[in-house]
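Some notes on the structure that comes next.
The values are calculated or read from the model by the stated rules, or taken from the named source; none is laboratory data. Keep in mind it's a predicted model, so treat the numbers as computed, not measured. Cβ sites come from the backbone with ideal geometry, for glycine too, and all protein chains shown count toward neighbours.
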Amino acid sequence: MNTVLKDKNIVIGITGGIAAYKAADIVSSLIKQGARVKVIMTRNAMEFISPLTFETLSGNPVYYDMFSRSGAWEIDHISLAKWADVIAVAPATANIIGKVSHGIADDLLTTTIMATKAQVMFAPAMNTNMYNNSIVRENISALKEKGYIFISPAEGRLACGDVGEGKLAAIDDIIQAIADYFSRKQDLKGKRVLVTAGPTREYIDPVRFISNPSTGKMGYAIAAACASRGADVHLVTGPVSLSPPDGVNIYSVETAQEMYEKVMELYPSCQVVFKSAAVGDYRPETYQTNKIKKDNDQLTLTLIKNPDILKELGKQKKDQILVGFAAETQNLLEYAIKKLKEKNLDFIVANDVTKTGAGFKEDTNEGLLITCEGETIAIPMLNKNEFAHRIIDEVLKRSPRLIDKNH
Ligand code: PMT
């Protein structure tokens, strides 16, 4: 029994696949755990299973008609969109995923998804080749990047006889994923969190600078995840081309020195720091106020060290939890542990940036979370939003002083 589901309003969207019959177990399990459930079926889903099953299990009418109105004053897709705390589409076909990722709203389920501010989750179920089709994969990636949660399908023998990935995830896993969403929901409420993201620019002259390939995706994902869990988030960001996450305080900086000053100002009032920015270690000793002319065959730059922001945070630490990041190309564990110790951190996330799908620019990340007690937790390849939540989950589990007793 998952008490976190009690009194939650959950819309289950059912689309037309053979796994539609399994949605009966999902609805039944949610009702047993005290959730309120309303079901939207697509026309194709009704070819596989009767709405009567879901009406009986949920105790509510099943919604499927765009133009029906439950009450004279209510329009279903708007009222369902507002009512829902979560919309979970299970099973989700390639069709619904494709439609939502391209903004197509042509039936009750898609219009409700477009109109909602609730978290939308998809549990895909389809033939292996369809699931592995690059178009479907691109649609899934695009939706994940926008914050939609996917509950990965299982591997096994599919209804069509093929064997592989594409089977609807186990019912317990789907229920757990919904419960996880609610239980993580406000666990940082009342906490002030400082996040840094993106690269810094170390200017040589007004039009040239030294920088690195950081896009800010990792840091922005952490800021968004902390905000979604109720934290008061302060994001100090280098120059990136991302939209600021909802409800986050943004401070834009360019150089390491500017980042240092803003971070130091915010630090004393924060309880947690995620330092995912890729800060330039060096800057040119002299800045040329006018554009340097290319009169000489050679140009020698002397670089001097920038302040190590995180090391300074480590020195001044009172009761803050400090989470550093390390982007490495070799000796991942050894170098990350060295940084953890030298900078007096509580945790460090070690990224092997030579791995495809990890580190700079990618939408996904994979890494090791290392604690100051010497524990190493492997975080698998996940989109950066989910990676961020996993890091926060693991940090919170090991930081009792951060847990909100009222949560
Ligand atoms: O932005 P993305 O494209 O999504 O890429 C994400 C990322 C790869 C940049 C991110 O996951 C990451 O690994 N960030 C750390 C990058 C790095 O190069 O770290 P570092 O090993 O140079 O520094 C270790 C730690 O000290 C970092 O937390 C860094 O923010 C901090 N540091 C470093 C130098 C400095 N002068 N001041 C600092 O605070």
message: Looking only at segment 282-331, count every residue that is without any contact (Cβ under 8 Å) to a residue 24 or more places away in the chain, among the polar types (S, T, N, Q) and more than 13 Å from the ligand (Cβ to nearest atom) and tell me the total.
response: 5
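Considering only segment 356-373, how many residues are without any contact (Cβ under 8 Å) to a residue 40 or more places away in the chain, assigned to a loop (DSSP other than H, G, I, E, B) and within 11 Å of the ligand (Cβ to nearest atom)? Steps first, please.
Just the residues of segment 356-373 that are without any contact (Cβ under 8 Å) to a residue 40 or more places away in the chain, to begin with: 356-359, 364, 366-373.
Cutting the leftovers down to assigned to a loop (DSSP other than H, G, I, E, B) gives us 356-359, 372-373.
Next, only the ones that are within 11 Å of the ligand (Cβ to nearest atom) stay: 358-359.
Qualifying residue count for the region: 2.
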statement: Of PHE48, PHE54, the only residue that is buried (at least 17 other Cβ atoms within 10 Å of the Cβ) and touching a Gly at 6+ places or on another chain (Cβ under 8 Å) is PHE48
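Take SER29 and tell me if it is among the hydroxyl-bearing types (Ser, Thr, Tyr), modelled with pLDDT of 95 or more and more than 26 Å from the chain's Cα centre (by Cα). Can you show your working first?
Values: among the hydroxyl-bearing types (Ser, Thr, Tyr): yes; modelled with pLDDT of 95 or more: yes; more than 26 Å from the chain's Cα centre (by Cα): yes.
Here the answer is yes, as SER29 does meet what is asked.
Here is a yes/no grid of residues against (1) within 30 Å of TYR267 (Cβ to Cβ); (2) modelled with pLDDT under 95; (3) aliphatic (A, V, I, L, M):
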| position | (1), (2), (3) |
| --- | --- |
| GLU165 | no, yes, no |
| ASP172 | no, yes, no |
| ALA179 | no, yes, yes |
| ASP205 | no, no, no |
| SER214 | yes, no, no |
| PRO239 | yes, no, no |
| PRO245 | yes, yes, no |
- line: From the option list LEU345, LEU313, LEU402, single residue qualifying as among the hydrophobic types (A, V, I, L, M, F, W, C), over 20 Å from the mean Cα position of the chain (by Cα) and at pLDDT below 95 is LEU402
- prompt: Would segment 332-346 turn up any residue that is part of a helix (DSSP H, G or I), more than 8 Å from the ligand (Cβ to nearest atom), among the basic types (Lys, Arg) and exposed (fewer than 14 other Cβ atoms within 10 Å of the Cβ)?
  reply: yes
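Here's a check for you: in segment 202-232, which residue that is closer than 30 Å to ARG184 by Cα and of a type in the set (A, V, I, L, M) is nearest to the ligand (Cβ to nearest atom)?
As a first pass, look at segment 202-232 and keep what is closer than 30 Å to ARG184 by Cα: 214-232.
Now drop any that are not of a type in the set (A, V, I, L, M), which leaves 218, 221-225, 227, 231.
On the way: MET218: 4, ALA221: 8, ILE222: 9, ALA223: 12, ALA224: 13, ALA225: 13, ALA227: 17, ALA231: 19 Å.
Per the criteria, the residue is MET218.
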- prompt: Which of the residues belonging to segment 273-298 are outside any loop (DSSP other than H, G, I, E, B) and farther than 28 Å from ALA350 by Cβ?
  reply: PRO284
query: Of all residues in segment 263-304, which are closer than 20 Å to ALA221 by Cβ and charged (D, E, K, R)?
result: LYS275
query: Does segment 386-396 contain at least one residue that is more than 9 Å from the ligand (Cβ to nearest atom), at pLDDT below 90 and either under 21 Å from LEU188 (Cα atoms) or in a helix (DSSP H, G or I) (or both)?
result: yes
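Quick check on segment 375-385: of everything there that is more than 12 Å from the ligand (Cβ to nearest atom) and touching a residue at least 24 places away in the same chain (Cβ under 8 Å), which residue is surrounded by the fewest Cβ atoms within 10 Å (Cβ to Cβ)? Before you say what the answer is, go through the steps one by one.
Let us first name the residues in segment 375-385 that are more than 12 Å from the ligand (Cβ to nearest atom), namely 375-378, 380-382.
Adding the requirement that they be touching a residue at least 24 places away in the same chain (Cβ under 8 Å) leaves 376, 381.
Working: THR376: 12, MET381: 15.
Residue satisfying both the conditions and the ranking: THR376.
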statement: The helices (runs of 4 or more DSSP H) lying wholly within segment 57-138 that contain at least 1 residues that are in contact (Cβ under 8 Å) with a residue 60 or more places away in the chain are 76-83, 94-101, 108-115
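Table: residues versus (1) among the basic types (Lys, Arg); (2) surrounded by fewer than 24 Cβ atoms within 10 Å (Cβ to Cβ); (3) touching a strand residue (DSSP E or B) at 6+ places or on another chain (Cβ under 9 Å).
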site	(1), (2), (3)
VAL195	no, no, yes
ALA223	no, no, yes
THR237	no, no, yes
ASP246	no, yes, no
MET264	no, yes, no
CYS270	no, yes, yes
PHE274	no, no, yes
GLY280	no, yes, yes
THR289	no, yes, yes
- prompt: touching a Ser or Thr at 6+ places or on another chain (Cβ under 6 Å) and polar (S, T, N, Q) - does that describe any residue in segment 126-138?
  reply: no
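Listed here are the residues, each with its yes/no results for (1) within 17 Å of ALA20 (Cα to Cα); (2) within 24 Å of the chain's Cα centre (by Cα); (3) aliphatic (A, V, I, L, M).
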| position | (1), (2), (3) |
| --- | --- |
| ALA94 | yes, yes, yes |
| MET114 | no, yes, yes |
| ASN129 | no, no, no |
| ILE135 | no, yes, yes |
